[in-house]
1. Could you please find all residues in the stretch 129-166 being assigned to a loop (DSSP other than H, G, I, E, B) and farther than 25 Å from residue 58 by Cβ?
2. Can you tell me which residues in the stretch 108-128 are in contact with a strand residue (DSSP E or B) (Cβ under 9 Å, 6 or more places away or on another chain) and either surrounded by 11 or more Cβ atoms within 10 Å (Cβ to Cβ) or under 19 Å from residue 59 (Cβ atoms) (or both)?
3. Residue 71 - would you say it is touching a residue at least 40 places away in the same chain (Cβ under 8 Å) and either assigned to a loop (DSSP other than H, G, I, E, B) or under 14 Å from residue 170 (Cβ atoms) (or both)?
4. Is there any pair linking a residue in the stretch 101-124 that is free of Cβ contacts under 8 Å to residues at least 12 places away in the same chain to one that is in a strand (DSSP E or B) and within 16 Å of the ligand (Cβ to nearest atom), with Cβ under 9 Å and at least six apart or on different chains, and which?
5. Residue 105 versus (1) in a strand (DSSP E or B); (2) crowded, with 22+ Cβ neighbours inside 10 Å: which is the lone unmet condition?
6. Pull up the stretch 102-122, narrow it to residues that are closer than 19 Å to residue 36 by Cβ and more than 11 Å from the ligand (Cβ to nearest atom), then point me to the one that is nearest to the chain's Cα centre (by Cα).
7. Could you tell me which residue of the stretch 151-165 is surrounded by the most Cβ atoms within 10 Å (Cβ to Cβ), considering only residues that are away from the ligand (no atom under 14 Å from the Cβ) and in contact (Cβ under 8 Å) with a residue 24 or more places away in the chain?
8. Would you tally the residues in the stretch 166-193 being more than 13 Å from the ligand (Cβ to nearest atom), within 23 Å of residue 80 (Cα to Cα) and free of Cβ contacts under 8 Å to residues at least 12 places away in the same chain?
Ligand SMILES: [Fe+2]
């Protein structure tokens, strides 16, 4: 059984930056529902979930990815807010952090163990990718539709669709966390000899 404390231990640093306590609680609730529905009953097993099945993630797990993407998006948002003399749009940092922490929560339903210490796409994942399953749970627990937008539209499902500004920050941070590994896998990442 995965507990509220397990999730709070994993995401504590970022959860503490969400000022709205109801929002903070709902982020944890979504992770717990997704874990239950995905059949994950042990936080240690969840720490072994790779953040992507599309390339070798070199041991970077779903939790680490989620934290890195959220911090990356925060960096993008803060850079603009601190630098522009006039920000042309409002950035909601609570929304950004909550959306970042939840953008890939649907992967708990999309991925399952293959029985050989690896992971494969689940039946649920073939029916609905993680942006859809994650958005559905966020909607179910009553999170604001803007956070549903971040989850639903952070990936290719959101291409060309209306988005809150925080969705764009999460999308770009997500790509920045994924692309170097994809390049590495293809032998296209230039590194020092
Ligand atoms: Fe992601």
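1. To start, the set of residues in the stretch 129-166 that are assigned to a loop (DSSP other than H, G, I, E, B) comprises 129, 141-144, 154-155, 159-164.
Once the filter is applied, which keeps residues that are assigned to a loop (DSSP other than H, G, I, E, B) and farther than 25 Å from residue 58 by Cβ, the stretch 129-166 yields 141, 142, 143, 144, 159, 160, 161, 162, 163, 164.
2. Residues of the stretch 108-128 that are in contact with a strand residue (DSSP E or B) (Cβ under 9 Å, 6 or more places away or on another chain), as a first pass: 110-114, 118-125.
If the condition is that a residue be in contact with a strand residue (DSSP E or B) (Cβ under 9 Å, 6 or more places away or on another chain) and either surrounded by 11 or more Cβ atoms within 10 Å (Cβ to Cβ) or under 19 Å from residue 59 (Cβ atoms) (or both), then 110, 111, 112, 113, 114, 118, 119, 120, 121, 122, 124, 125 are the ones that fit.
3. Criteria met by residue 71.
4. Pairs that qualify, where the first residue is free of Cβ contacts under 8 Å to residues at least 12 places away in the same chain and the partner is in a strand (DSSP E or B) and within 16 Å of the ligand (Cβ to nearest atom), are 118/50.
5. (1)
6. First, the residues of the stretch 102-122 that are closer than 19 Å to residue 36 by Cβ: 102, 104-113, 119, 122.
Adding the requirement that they be more than 11 Å from the ligand (Cβ to nearest atom) leaves 108-113, 119, 122.
Working: 108: 11, 109: 13, 110: 13, 111: 14, 112: 17, 113: 19, 119: 18, 122: 18 Å.
The extreme case among them is 108.
7. First, the residues of the stretch 151-165 that are away from the ligand (no atom under 14 Å from the Cβ): 159-165.
Pick out the ones that are also in contact (Cβ under 8 Å) with a residue 24 or more places away in the chain and you get 164-165.
Values: 164: 23, 165: 18.
Among them, the one singled out is 164.
8. Taking the stretch 166-193 and keeping what is more than 13 Å from the ligand (Cβ to nearest atom), we get 166, 168, 180, 183-193.
Okay, now just the ones that are also within 23 Å of residue 80 (Cα to Cα), so 166, 168.
Checking the rest, the ones that are also free of Cβ contacts under 8 Å to residues at least 12 places away in the same chain come to 168.
Looking only at that region, the number is 1.
Quick note: the coordinates plus some simple rules give every number you see, no bench work behind them. The model shown is predicted, which means the values in this text are computed figures rather than measured ones. Backbone-built Cβ (ideal geometry, glycine too); neighbour counts: all protein chains shown.
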